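Visitor: Pasting a structure here, questions to come.
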Amino acid sequence: MLEMKKIYHYYGKARALEEINLKIEEKALDVVIGPNGAGKSTLLRVISGLEEPDRGKIEFLGERIDGLKPHKITKKGISHCPERRRLFYDMTVEDNLKMGAYVQKNRSIYNKQLEFIFELFPRLKERRKQRAGTLSGGEQQMLAIARSLLSNPKLLLMDEPSLGLAPKVKKKIFEAIEQIKNEGTTTLLVEQDAVLAMEVGETIHLLEEGKIEMRGTSEELKREPRIKKVYLGI
Amino acid sequence: MLKNEIEEKVKQFPTYLKSWVKTFLGGLTLFCIISLIALPFLSQNQNFTHVFLRQFTLAMIFSIFAASWDLLTGISGQISFGHAIFFGIAGYICAYLISYQNFPPWIAIFIGAIGAVFFGLIIGIPCLRLRGPYLALGTLAFSLVLLKLFLMGSLSDVLFGSEGISDYRIQISDNPVVEYIIILMFMIVSFITIIQVSKSKFGTILKSIRDDEVSADASGINTTRFKVYAFMLSALFAGIAGACYATYVGAVNPTGNFGATISFYAILMASLGGLTTIRGSALGAFFFIFLEYSLIVAGAEIYVNLIFALILIVVVRFSEHGILKPILERIKDLWDLLLGR
Amino acid sequence: MIEDIMNMLFNGILNGAVLALISLGYSLVYGVGGIMNMAHGAYFMLTGYLLLWGMRIFPGMLFLTVIFVIIIITIIGGLTYILLIKPLQDTHVGVVLITFGLAFLIEQWILIVSGTTSASINDYVLFPGTTEFLGYSMFNQYIFFIIASLVIVSLFALFISKSKLGKSIRAVSQDREAAVLMGINANRVLLYTVMISAFLAAIAASLYLPGAALTGPGMGWTYLTSSFAVIILGGMGSLVGSVVGGYIMGFVTSFTSIFLPNGPSWAHVVPLIVILIVLIIRPRGLFGKKKLR
Amino acid sequence: MEKNAKRIIAIVVVAAIIVGGGLTAYFLLLAPEAGQYVWSANDAPGAPAGISSSQIIKIGCAGDTGEIQGDANYEGAWFAAKTINQAGGVVVNGTTYYVGVTREDTDESNTQLVTSRGIAAAERLVYNKKVQFGVGGFRSEALLAYQEVFMDNKIIFIDTGAATDIFCDNVANFYERYQYFFRWMPINSTSLGGEILTTLAGYVMALNTTYPNHDVKQVGILAEDLTWTGSLIAAIQSYLSLFTNFWVQLLTPILYDISLDAADMNTHLQTLASQGCDFLIPVISAQGGILMMQQYDQYHYPFQIFGIDVQSQLDTFWGDSGDACAYETVMQTLHRTNKTTKSIAFWDAFRAQFGHDPLYIAIGAYDAVNGIIDAINATQSFDALDIIPEFESWTKSNPNPGVSGGGAWWPGTHDLVEGYPYGYTLWCQWRDDGTKVVVPAPRWAYVGALGYAIPISDLYPATLATGAYEVAPWVNTAWS
């Protein structure tokens, strides 16, 4: 579905991504793990067009998308749920959801999607009229995910959905992610919490210092001693 | 320890100078300085010495002023829209001392600049709470308050009113060549100081504050104190320029010395030349003054500002770094070609 | 005394109404794009001159002229964004300089065409005559302007909170990157906001200036600095703030003018001093929510 | 090979540029006499073609090109030169000379004044164009700076537009340096204040008999808060204090910030109206006047306007203000009336030449150039030190009246002598048909010894008036 070929990206002179090759199959749930500052977020930003790669090619459904403006990429069906939620805090929950469906002109798909989301996060339905800024951290994260689902994306990019949440809430979020995946949305998840990530992920990519160092199914990676030591703390 | 360091530096200075002159930029700068020094002795023609040369003097005064703005905004990142505060206050102090207290111009200029530093301190401290556009508007508001207070007829006993101070004694010398040389010395000293400051450790700290204040703060730099220093240092040079301008004109008045136009002159000249380059300020000032001069000579005086506005738009639109860098690059290309490199 | 109070209230509202309309657009553009459009005052001034010229060329068609002029100014606003602001968006100083250049250009062009002499567009007063209230007489055009300003501000509030474009404007102003990720074309939204702000300035000018007079091409700067002051007071980017700030400024000016000794000459200094105090005590202004950038 | 060719071409081109630039610089700037302005018949309107530079009396106009004040100054000087040249020029020591005028842009009408531009303009006039006389000036602070260039070079400069007292104080205090300065226009601020009040007192006296049911008494002042208005208001106040509680009463003067807008003007006029103002004295040179008249016209305030409004002196003000200036009475140097025997002829000729009325600065410049030529004629010399004594001999007993009636200086200050028949202004009132008439100027003054006010001689003879003073209909209603 999505294919990155030899992507390089620099911030000024500092290299953020180096020779990234990545392929995501339809209906898969891929996870990228890695330490802080490894370039995980940059990877997602490059895909969604917030950063233009300095070299390389990105194809989505057989079409080149690198160099396109981010709002065009969103229209093509890639939805990016950004790090630290980035909600429209002064708007109501409902308006936030409406913004999420900005590119979705079809009313019935919107309603169907809304229904699914309220099923997924019943809490949001109760707080529809509330300002997004007044929600709790977990609710905000739910809203962020819901918002990016409303455009009915073919590919969902999620950046650290568990950041700053209590373990209980984290778990809930990850359950939701699994459910989304089961509904058939292809997902690329970036996560620092390797333990949780490996539970849900099918294919795991390890990103270190801008390079993909290792990749495999979660079972394969769990057997790697380095992963065990550094990321799983066993 | 410090003494040794200085001694070391002094000892190294000739070698440093030699190698600096050999670099392209050094050679060019030296060439410009020598040409500027030689210029007034080229002709006795009154039209040259009393009209043309005076435009050079004016351009040099504005160079210092624009460079001081560049030091505050380009190097330290504290955007100021009210730089005329320092320019005007130094001019007023200077004119007042000469006209009412019979001070010699030299000392008056010096005290005027010190007065500007003092103003830099009292304006710098409250403005430190402000950042970016807020600081810009805050300084603008400050300069407008000063302008209006000085304009006020009801305060004219204290602040001299809309007509300001005028006196034929407010001048460095009645010989334009002498005046030129003195202002040139001021300019050279100011530019060397500003450029050295921006290259020094102090300058690096200022730049780090500009680029990321939070992390500068985190790495143990007292950002507040350095920002005040930047304000004061910039005010010093703006003050020198303002006091020189007062002597150049021979009078001070609110609109002419505190007006928003004056603040914008600094911004325009420095950004035309190229932000953060310091040297660019001089280029911008000369470019501006001589563009105006040649348009007036060509008889297009009512179009001066219109044409200038167009040039400003074109330069800002198409050249991010002003005109200094592209011009230097072209000259360097040409130089390399001439040397056959 | 009652007349003085009426005088203060009426002129405070009048002043506030015009400041609110101008600053609203100015603040909107700042909030959405972080752009300080120095040409904003020039739009206001240009509207006046276009009206004057339009009226001289087509004396019979005042209403059409007004609409036509407002459209032209809106288009000029759009062109400002496309040609000048958009390519420089990333540099704060660059945008300030280039829009300053534009304002300067417009001012100089008008200066060459018509000189500094003041002119009046008195002939286009929709509602001549005065109305008396509590012994205080008010010019009908000003009453109309105040009402129109209130209506426009409310319509604008409705537009920004209910319409899809309004919502996307709010989204971009709150978090540009997130808005882009929703598929909103931020540049187009910005284009619209600059056009809306020019439109508001043009409306303010075409309703207020017939009762005022064109006091020379430099008048744009006065309104620009006033709206600077207003948005500092109200909080940069806050729409409520710019309306409330506009009225506060209006009242402070008229209060100073009437009740303080030497008031008239301090009338435009006191608001500036208020601004400085606000800046120092509460830099983000009365309604500013955003952290300082 | 190709690289070398390029290099050679570059060397040649650079050498050519350096040599060319050097030569251009030499011939334009550096060579003796280079870049000097060459005076020709083009600068001397009405002079025969082909006259040489040495035959031209060189007069420099300092003013703001493109603005009414600067253009008026040039128009006046140019028109004077044309008249003199067409009459055959002036013969000095057997040689015929013609009058040449040139101008430089001082940018002084610009609200955002840049003082150095005025200086540069004066320097170009003095060093590049080598003028022998300077004429002009409008904004006091600009002129204060650039007059020094003329004084430095001992060139006579005649002020035609700046009213502040400081210029003539300089002449009195530092005569050696400032003896080259003369003021032909306008009357200084202090004297203007006296003229305003005494005439106003005359009208108040007359109107109180016309309107027995209304006590015409309250006088308000609306002025720009600037230095020149300061001394004027001080003068008005010093006179008014004599009349206080007698039959003229002063309201608190309103001194406004020059950056005012409509709401501010509305505030001020409403304040005056609520205080029961009967006569308003505006002291305005800038855009405040148009705002004032526009609101006066809309609100029909129950007071008469009687004072200084510079923009209202021009005939174009009727159209500019949208016909709103009816019944405003303003001080004006000249109108189409027999102020001197030359006045009407000048007025008509000027209007025929330029299509609009002359501004006071134009009249000043016209008279100044004529005065310079008269002095040259009388002394048969171009030397400033010969001409100054001739100028100084033009006193009250020996005036040299131009079209405006001036031509006499106070000894010691070089200021225009004030009062009939020397320097005095006319009072002109706008009618509601867009015409402007000269109204009579009866004057009254309070005599302390008598304890009451008596009529004193009129500001000018009633024969100069071309119409009667009118009270606006709405004021008439209010007062009846």
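Visitor: Please report the spacing between the Cα centers of region D:319-390 and region C:29-82 in Å, no decimals.
Guide: Distance between centres, Cα-based: 41 Å.
Visitor: Leaving out same-chain residues fewer than 8 places away, which lysines sit with a Cα under 17 Å from that of residue D:130?
Guide: Those lysines meeting the cut-off are D:58, D:154.
Visitor: For a quick protection proxy, order the peptides D:3-10, B:272-279, D:45-52 by their average other-Cβ count within 10 Å, most packed first.
Guide: Peptide ranking by packing, descending: B:272-279, D:45-52, D:3-10.
Visitor: Mind checking the mean number of beta-carbon atoms from other chains within 10 Å of the Cβ atoms in C:133-146?
Guide: On the way: counts 0, 0, 1, 3, 6, 3, 6, 1, 2, 5, 0, 0, 1, 0.
Counting Cβ atoms of other protein chains within 10 Å of each residue's Cβ and averaging gives 2.
Visitor: Which translational diffusion coefficient, to the nearest whole µm²/s, is obtained for region B:196-338 from the Stokes-Einstein equation, given a Kirkwood hydrodynamic radius over C-alpha pairs, 10 °C and 1.306 mPa s?
Guide: Values: Rh = 17.8 Å.
For these conditions, the coefficient is 89 µm²/s.
Visitor: For region C:162-293, what is the Kirkwood hydrodynamic radius in Å, using each pair of distinct C-alpha atoms?
Guide: Details: mean 1/r = 0.0596 Å⁻¹.
Taking every pair of different Cα atoms in region C:162-293, averaging 1/r and inverting gives 16.8 Å.
Visitor: Now, a different point. Going down the table (A:168/A:228; A:5/C:164; A:129/A:181), which pairs top 30 Å between alpha carbons?
Guide: Working: A:168/A:228 24 Å; A:5/C:164 38 Å; A:129/A:181 28 Å.
A:5/C:164, as the Cα separations exceed 30 Å there.
Visitor: Accessible area per residue for region D:129-229 in Å², computed with a 1.4 Å probe and the full protein assembly in place, what is it? Please report the intermediate quantities before stating the final value.
Guide: Numbers: 2540 Å² over 101 residues.
Dividing the accessible area of region D:129-229 by its residue count gives 25 Å².
Visitor: Next question, about the same structure. Write down the radius of gyration of chain D and its Dmax, each obtained from C-alpha positions, in Å.
Guide: 25.7, 108
Visitor: Under a plain spin-label model, where a point goes 7 Å from the Cα along Cα-to-Cβ, how far apart in nm are residue B:339 and residue A:89?
Guide: Spacing of the two 7 Å Cα→Cβ label points: 5.6 nm.
Visitor: Averaged across the residues of C:166-179, what count of C-beta atoms belonging to other chains lies within 10 Å of each residue's C-beta? Please list the in-between numbers first.
Guide: Working: counts 0, 7, 3, 0, 5, 8, 2, 2, 9, 7, 1, 7, 14, 6.
For this peptide, the per-residue mean of nearby foreign Cβ atoms is 5.
Visitor: How large is the helix-only mean residue ellipticity at 222 nm for the protein assembly as shown, computed as the sum of -39500 (n - 2.57) over DSSP H runs with n ≥ 4, divided by its residue count, in deg cm²/dmol to the nearest 500?
Guide: On the way: 52 runs with 741 residues, N = 1348.
Counting only the DSSP helices, I get -18000 deg cm²/dmol.
Visitor: What FRET efficiency comes out for the pair residue C:277/residue A:171, r = Cβ-Cβ distance, R0 = 56 Å, nearest 0.05?
Guide: Details: r = 51 Å, r/R0 = 0.92.
Computed FRET efficiency for residue C:277 and residue A:171: 0.65.
Visitor: Write down the Å³ per residue value for the convex hull defined by the alpha carbon atoms of region D:148-210. Please list the in-between numbers first.
Guide: Numbers: hull volume 4.7 nm³, N = 63.
Enclosed volume per residue, from the Cα hull, is 75 Å³.
Visitor: Follow-up question, since we're still on this one. Averaged over all directions, how much area does the convex hull of the C-alpha atoms of region B:132-205 cover when projected, in nm²?
Guide: Working: hull surface 32.8 nm².
For the Cα atoms of region B:132-205, the hull's average projected area reads 8.2 nm².
Visitor: What whole-number value in cubic angstrom gives the convex hull volume per residue for the C-alpha atoms of the protein assembly as shown? Kindly include the intermediate steps, with their values, before the conclusion.
Guide: Numbers: hull volume 289.4 nm³, N = 1348.
In the protein assembly as shown, the Cα hull volume divided by residue count equals 215 Å³.
Visitor: Further question: Multiply the residue gap between residue D:383 and residue D:34 by 0.36 nm, knock off their C-alpha separation, and tell me the result in nm, one decimal place.
Guide: Working: separation 349, 0.36 × 349 = 125.64 nm, distance 2.51 nm.
Result for the pair: 123.1 nm of gain on full extension.
Visitor: Looking at chain B from every direction and averaging, what is the projected area of its Cα convex hull in nm²?
Guide: Values: hull surface 81.8 nm².
Quarter of the Cα hull surface area: 20.5 nm².
Visitor: If you find the alpha carbon centre of region A:183-234 and of region D:17-40, how far apart are they in angstrom?
Guide: First find each Cα centre; the distance between them is then 79 Å.
Visitor: Of the accessible area of chain D, with the probe set at 1.4 angstrom, what percent is carbon plus sulfur?
Guide: Working: 9110 of 16020 Å².
The computed percentage sits at 57.
Visitor: Can you give me the P(r) profile for region A:2-231? Cα pairs, bins 10 angstrom wide beginning at 0, each as a whole percent.
Guide: All Cα pairs, binned at 10 Å, distribute as 8, 33, 37, 19, 3, 0 percent.
Visitor: Region C:234-293: percent of C-alpha pairs farther apart than 17 Å?
Guide: Numbers: 751 of 1770 pairs.
Tail of the P(r) past 17 Å holds 42 percent of the pairs.
Visitor: Relative to the first principal axis of the alpha-carbon coordinates of chain D, what is the inclination of helix D:227-243, with its axis defined by its Cα atoms, in degrees from 0 to 90 and to the nearest 10?
Guide: Result, in degrees: 20.
Visitor: Would you pull out the residues with amide H under 5 Å of residue A:66's amide H, same chain only if 5 or more places away, H placed 1.01 Å from N?
Guide: It is A:58, by chain and number.
Visitor: How far is helix D:68-86 tilted, in degrees, relative to the longest principal axis of the Cα atoms in chain D, given as a value from 0 to 90 rounded to the nearest 10?
Guide: Rounded to the nearest ten degrees, it is 70.
Visitor: If you scale each eigenvalue of the Cα gyration tensor by 5 and take the root, what three semi-axes come out for region B:152-246, rounded to whole angstrom and sorted largest first?
Guide: 36, 22, 7
Visitor: For a quick size check, give me the Cα extents of region D:212-358 along its three principal axes, largest first, whole Å.
Guide: In descending order, the Cα extents are 48, 37, 34 Å.
Visitor: What helices in chain C pass both tests, a Cα length along the helix axis of 20 Å or more and a mean Kyte hydropathy of -0.5 or higher, using whole DSSP H runs?
Guide: Details: long enough: C:2-33 (45 Å, 1.25); C:40-57 (26 Å, 0.83); C:62-79 (25 Å, 3.04); C:92-114 (33 Å, 1.91); C:140-162 (32 Å, 1.85); C:186-208 (32 Å, 1.53); C:219-234 (23 Å, 1.33); C:239-259 (30 Å, 1.58).
Qualifying helices: C:2-33, C:40-57, C:62-79, C:92-114, C:140-162, C:186-208, C:219-234, C:239-259.
Visitor: Moving on. Quick query: amide H of residue D:467 versus all other amide H atoms, modeled in the peptide plane; which residues come in under 5 Å with a sequence gap of 5 or more or a different chain?
Guide: D:438
Visitor: Follow-up question, since we're still on this one. Using the basic label-point model (7 angstrom from Cα toward the beta carbon), what is the residue D:349 to residue C:58 distance in nanometres?
Guide: Reported label-point gap for residue D:349 and residue C:58 is 4.7 nm.
Visitor: Over all alpha-carbon pairs of region A:101-234, lay out the pair-distance distribution in 10 Å bins, whole %, shortest bin first.
Guide: The calculated distribution, bin by bin, is 11, 38, 32, 15, 4, 0.
Visitor: For chain C, what does the alpha-carbon gyration tensor say about shape, rounded, prolate or oblate, given a ≥ b ≥ c as the root eigenvalues, a/c under 1.5 as rounded, and a/b over b/c as prolate?
Guide: Numbers: a/c = 1.61, a/b = 1.22, b/c = 1.32.
The shape class here is oblate.
Visitor: Tell me the angle of helix A:107-120 to the major Cα principal axis of chain A, expressed in degrees between 0 and 90 and rounded to the nearest ten.
Guide: It works out to around 80 degrees.
Visitor: In addition: What distance in nm lies between label points placed 7 Å from Cα along the C-beta direction at residue D:450 and residue B:173?
Guide: About 6.6 nm, to one decimal.
Visitor: May I ask for the equivalent-ellipsoid semi-axes of region D:34-164, computed as the square root of five times each C-alpha gyration tensor eigenvalue and listed largest first in whole Å?
Guide: On the way: eigenvalues 136, 45, 31 Å².
In descending order, the three semi-axes are 26, 15, 13 Å.
Visitor: In addition: How many Cβ atoms of partner chains, on average, are near each residue of B:123-135 if near means within 10 Å of its Cβ?
Guide: Values: counts 0, 0, 1, 5, 4, 1, 6, 6, 4, 5, 12, 9, 3.
Per residue, the number of nearby Cβ atoms from other chains is 4 on average.
Visitor: Same structure, new question: For region D:404-459, what is the convex hull (Cα atoms) projected area averaged across all directions, in square nanometres? Intermediate values should be presented prior to the final figure.
Guide: Values: hull surface 24.4 nm².
Projected over every direction and averaged, the Cα hull of region D:404-459 covers 6.1 nm².
Visitor: Further, regarding this structure: For residue D:478 and residue D:396, what does the FRET efficiency come to when R0 = 45 Å and r is the distance between their Cβ atoms, rounded to the nearest 0.05?
Guide: Numbers: r = 43 Å, r/R0 = 0.96.
Efficiency for this residue pair is about 0.55.
Visitor: Once the Cα gyration tensor of region A:40-88 is diagonalised, what are the square roots of 5 times its eigenvalues, in whole Å and ordered largest first, as equivalent ellipsoid semi-axes? Walk me through the numbers before you get to the answer.
Guide: Working: eigenvalues 69, 34, 14 Å².
For region A:40-88, the semi-axes come out at 19, 13, 9 Å.
The values are calculated or read from the model by the stated rules, or taken from the named source; none is laboratory data. Small disclaimer: the values here were computed from a predicted structure and weren't measured. Glycine gets a Cβ as well: all are built from the backbone with ideal geometry, and neighbour counts include every protein chain shown. Please note that ligands, DNA and RNA were not included when accessible areas were found on the heavy atoms of the full protein model with its side chains. Shrake-Rupley method; radii C 1.70, N 1.55, O 1.52, S 1.80 Å.
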